[in-house]
Amino acid sequence: MLWIDFIMLIGLAVILSSALTWGFGWRHPARREETGISIAFLFLILFFAMWAGQSWTTPWLPAAWQASWLNFLIVGLFISLLVLALAEAPPRKQPPVESQEEITEPGKPAAVFGFFFWVMILALLVTALTA
């Protein structure tokens with residue numbers, strides 16, 4: 001992989017993860033209130049998926065600076081649509097009821113990146129490096 005491919009890969013992953021997080025309102029299921037974690041989570045998924053997709057496919061035209069960016073874009077859009085299709089709908093806010101007392105439960109710390117996420121990232125990395 002050339003350096004320009006790597007730079008395009010990072011740029012497209014940042015653009016797509018930002019568009020999904022800010023434009024479509026996608027949030028990480030464990031940390032809905034934190035936008036930065038959602039962007040980082042999507043960036044890692046898109047980065048490694050687009051890298052692996054580039055290594056599986058043959059380069060298409062158009063090429064910019066002798067780098068085929070269309071493969072990155074198509075794989076990134078496909079993964080983005082898959083993430084949006086599988087995303088959990090945001091919880092609806094219920095109007096406060098004055099008759100009920102407010103019950104406070106201690107919050108459980110949620111894992112930001114679970115075991116399946118790291119297995120998927122490792123598998124995509126191995127796939128991209130061996131292809």
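The values are calculated or read from the model by the stated rules, or taken from the named source; none is laboratory data. The shown structure was predicted, so the numbers you read here are calculated from the model rather than taken from an experiment. Glycine gets a Cβ as well: all are built from the backbone with ideal geometry, and neighbour counts include every protein chain shown.
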| task | Considering every residue within segment 13-22, establish whether at least one is closer than 21 Å to Ile74 by Cβ, part of a helix (DSSP H, G or I), over 12 Å from the mean Cα position of the chain (by Cα) and of a type outside the set (A, V, I, L, M, F, W, C). | result | no
| From the set of residues in segment 58-76 that are surrounded by 14 or more Cβ atoms within 10 Å (Cβ to Cβ) and modelled with pLDDT under 80, which is farthest from Ile7 (Cα to Cα)? | Ser68
| query | Is there a residue in segment 77-98 that is among the aromatic types (Phe, Trp, Tyr), at pLDDT below 85 and either surrounded by 13 or more Cβ atoms within 10 Å (Cβ to Cβ) or under 21 Å from Trp118 (Cα atoms) (or both)? | reply | no
| Pairs under 9 Å by beta carbon, first residue touching a residue at least 24 places away in the same chain (Cβ under 8 Å) in segment 2-20, partner part of a helix (DSSP H, G or I) and β-branched (Val, Ile, Thr), six or more apart or different chains? | Ala13/Ile45; Val14/Ile39; Leu16/Ile79; Ser17/Ile39; Ser17/Ile45; Leu20/Ile39; Leu20/Val83
